[in-house]
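Remarks on the structure that follows.
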Amino acid sequence: MAQEPSNDLFSKVTKTAGKHSPLEEAIRKLPLPVTSVFLGKDGKIRPAVFRETGMTLVCKGHERIAEVFPKTIAKSRSIILEAIPRGEAAPVRGKRVGVLFSGGPAAGGHNVLAGLSAALNGDNELFGIRKGPKGLINADVFQIRPHDIQTILNLGGFDFLGTDRTKIKTPEQFEKVKETVLKNKLDGLVIVGGDDSNTNAAFIAEYFETEGVNCCVIGIPKTIDGDMAAGNYLPISFGFDTATKIFSELVGNLNQDAASAVKYYHVVKLMGRTASKITLEVALQTKPAVTLISEEIAEKDMSLGQIVDYIVHIITERRKIGINHGVILVPEGLVEFIPEMKRLIGELNTVLAEYEKDVKDLPTLQNKQEFIYPHLSPPSAQVMASLPDEIQEMLILDRDDHGNVKVSQIETEKLLIEKIRYRISEMKRHPDKFFGEGGDRIEATAQQIADFQKLSLSTQSHFLGYEGRSSKPTRFDAAFTFLLGLTAGSLVLAGKTGYMAAVTNFDKGGRILALPLAGLVTSEMRKGKEEFVIEKSLVKLDSPSFTVFAENRERWAMQDLFSSPGAIQYWGPTSRQIPLIVALDQGYADFGTFNLGEEREIKID
Ligand code: FBP
């Protein structure tokens, strides 16, 4: 008979409620590195001060951008700042700093708060703004106590403050933001977000300068997508490392399962709204059978049909050597990069911008289609008609507040599966059209064709995204975010406004920079209108990371050389890895360990 567990064990299990699992308890105590610019002579954490570097940051179309951000550009002269130790500079006291999260969660947000709190150093106060930009408009502000920070140190999620995606755009909203800042006597406002949220930060900084509001605005680069980056000045945003390690574990498991069960192709859509950086990193980590990179598809001007042909070609070649399983990676934003789909989405955006309300009021998909089709060009109407109803419905769904198509809800992985299956069934029915010599035909022996006709294609679809956003940060993201918080706090205390906190040189002790936000802004078409937004950093096809991938993908596919990197490690030899794309593109000697300064136990009091 089974023994009754002791009361002691009962109480141990119940005590793990409320974020007290054994791992959460252990992770809270993990030390964090502190870059030397944040250390005083006594070895204690101190806010840094800043000096001008010889580097400037200007985006394309600078003259127009300068008309939109005249005040902040005049103030910063587009010069990048660098942190230096405080030295004998007098401490700053009595400042009140507000912070909010904006957009999708990303691992490490809570350590930004810890870094901010450490920079404010007990001499200044930190205030949380609940529910993102909406809370800023509605003055939903509360004081953060050091004790609260200690409980969330090194833990994932954005739940401590909450988040949302409100775009601050109308004069009334800007007025409300000003009211919140004045009412709470904030000297600084820190916005933790991606490209759209940092665009908000750039506009608020400019507005405060125009209105004479004495409140510094600082952005923090957050997004699992990795597209809030600025070359060597800011190799990556926080959250990317954790998300890609989680996705790589899961894709690695699928690789392993595919090779074990030998019956499925797993088609996996990976988050990352526009850029394929997540997909590229996961591909480099896991070496699957097929990986699509949106930026390459746009560059090669590949149609949906050509993409399907490319995948089917690899499936067919693998079949010839007896492999009828594998993993296919698809970036979330793919549809927006396929030329004919891009044109269609552009036209839909224009129609929706003009007739949003009319379309919304129509009750059925068929009514919506009847309304929209006549407004599309004949080629786009044809493309739209070739898509399954569910995809059409998703393409005419509401845009988010920033005018983005909600690509996470477009089931590209299912669309591809449908098209691949159809193409393979055609090949089985008409082998003479697809096999043989010349053109794009596949060379195969009569036996190989006969084998192909006997085999079936079994597929499973997956979408990995939300699973990767709120996990406990990796050691890298935990360290990176703590430093970003220290940087943002230091910038506010130094009276700087309109900058984004940045960390670079992850392999050499860390270099702390402040990038002028207006220097990151460019103009883009949203909802059919030109808007000023921070430029997304996409996969560059001449980058070392893409080159390594492109040079090896065929070998990975034809020899089934997949990897399964396993779960995130918080201790031990693989706990300090840097994202592969960062190590490759920054020219680091290795990806195995980051060096961001001496590690210490963090006590926020
Ligand atoms: P952020 O850029 O705000 O960090 O969001 C990233 C992201 O996770 C994208 O990868 C994805 O397309 C989107 O958020 C999903 O948004 P939502 O949380 O609104 O469903």
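The values are calculated or read from the model by the stated rules, or taken from the named source; none is laboratory data. Treat the numbers as computed from the prediction; the structure is a model and nothing was measured. Backbone-built Cβ (ideal geometry, glycine too); neighbour counts: all protein chains shown. When the accessible area is computed, the model is the full protein with side chains, heavy atoms only, and any ligands, DNA or RNA have been set aside. Shrake-Rupley method; radii C 1.70, N 1.55, O 1.52, S 1.80 Å.
Cβ-Cβ distance of SER563 and GLU299, R₀ of 25 Å, FRET efficiency by 1/(1 + (r/R0)^6): the value works out to about 0.40.
When each of the peptides 546-553, 405-412 is scored by how many other beta carbons lie within 10 Å of its residues on average, the order from highest to lowest is 405-412, 546-553. Counting lysine pairs in the range 1-91 whose alpha carbons fall under 26 angstrom apart, excluding pairs fewer than 8 residues apart on the same chain, gives 7. Shown for the chain: the carbon plus sulfur share of the solvent-accessible area, taken with all protein chains present and a 1.4 angstrom probe, equals 51%. Here the 3J(HN,Hα) profile of the range 545-561, calculated from phi with Karplus coefficients 6.51, -1.76 and 1.60 at θ = phi - 60°, is 5, 5, 4, 4, 4, 5, 6, 10, 4, 5, 4, 4, 5, 7, 10, 6, 8 Hz, Gly and Pro shown as x. Across the range 121-135, computed HN-Hα scalar couplings (Karplus, 6.51 cos²θ - 1.76 cosθ + 1.60, θ = phi - 60°) run 6, x, 8, 9, 10, 10, 10, x, 10, 7, 6, x, x, 4, x Hz from first to last residue, x flagging Gly and Pro.
How many angstrom separate the Cα center of the range 157-236 from the Cα center of the range 453-502? Taking the Cα centre of each part, the range 157-236 and the range 453-502 sit 17 Å apart. Solvent exposure of the range 344-410, expressed per residue, is 48 Å² of accessible area, with all protein chains present and a 1.4 angstrom probe.
Summing Lys and Arg as +1 and Asp and Glu as -1 over all other residues whose Cβ lies under 15 Å from the Cβ of THR53 gives a net charge of +2. Distance between the pseudo-spin-label points of ASN214 and GLU175 (7 Å out from Cα toward the beta carbon): 2.5 nm. PRE reach from GLU393 (point 7 Å along Cα→Cβ): which of the range 350-377 fall under 13 Å by backbone N? Within reach of a label on GLU393: 363-369.
Protection proxy ranking of 450-456, 309-315, by the mean of other Cβ atoms within 10 Å over each peptide's residues and highest first, is 309-315, 450-456. When the pairs LYS406/LYS540; LYS222/LYS536; LYS300/LYS529; LYS169/LYS529 are compared against a 20 Å limit on Cα-Cα distance, LYS406/LYS540; LYS300/LYS529 fall above it. Can you work out the PRE-style zone for HIS20? Point 7 Å along Cα to Cβ, and I want the residues of the range 137-159 with backbone N under 15 Å. Hits in the range 137-159 for HIS20 at 15 Å: 151-152. What does the net charge come to around GLY40 if you take all other residues with beta carbon closer than 14 Å to its beta carbon, with K and R at +1 and D and E at -1? Taking every other residue near GLY40 into account, the sum is +1. Peptides 243-254, 366-377 ranked from most to least packed give 243-254, 366-377, packing being the mean of other C-beta atoms within 10 angstrom over each peptide's residues. Taking 0.36 nm per residue of separation and subtracting the current Cα-Cα distance, fully stretching the chain between GLU551 and TYR373 would add 59.8 nm.
Take every Cα pair under 8 Å whose residues are at least 6 apart in sequence, average their separation, divide by the length of the chain, and the relative contact order is 24 percent. Helical runs assigned H by DSSP (4 residues or longer) give the chain a calculated mean residue ellipticity at 222 nm of -13000 deg cm²/dmol, each run adding -39500 (n - 2.57) before division by the residue total.
If you plug the beta carbon distance of GLN143 and GLN448 into 1/(1 + (r/R0)^6) with R0 = 60 Å, you get a FRET efficiency near 0.25.
If Lys and Arg each add +1 and Asp and Glu each add -1, what is the summed charge of the other residues whose beta carbon sits under 9 Å from the beta carbon of LYS536?
Around LYS536, the charge tally is -4.
If both residues of a DSSP beta bridge must be in the chain, then about 45% of such bridges are antiparallel.
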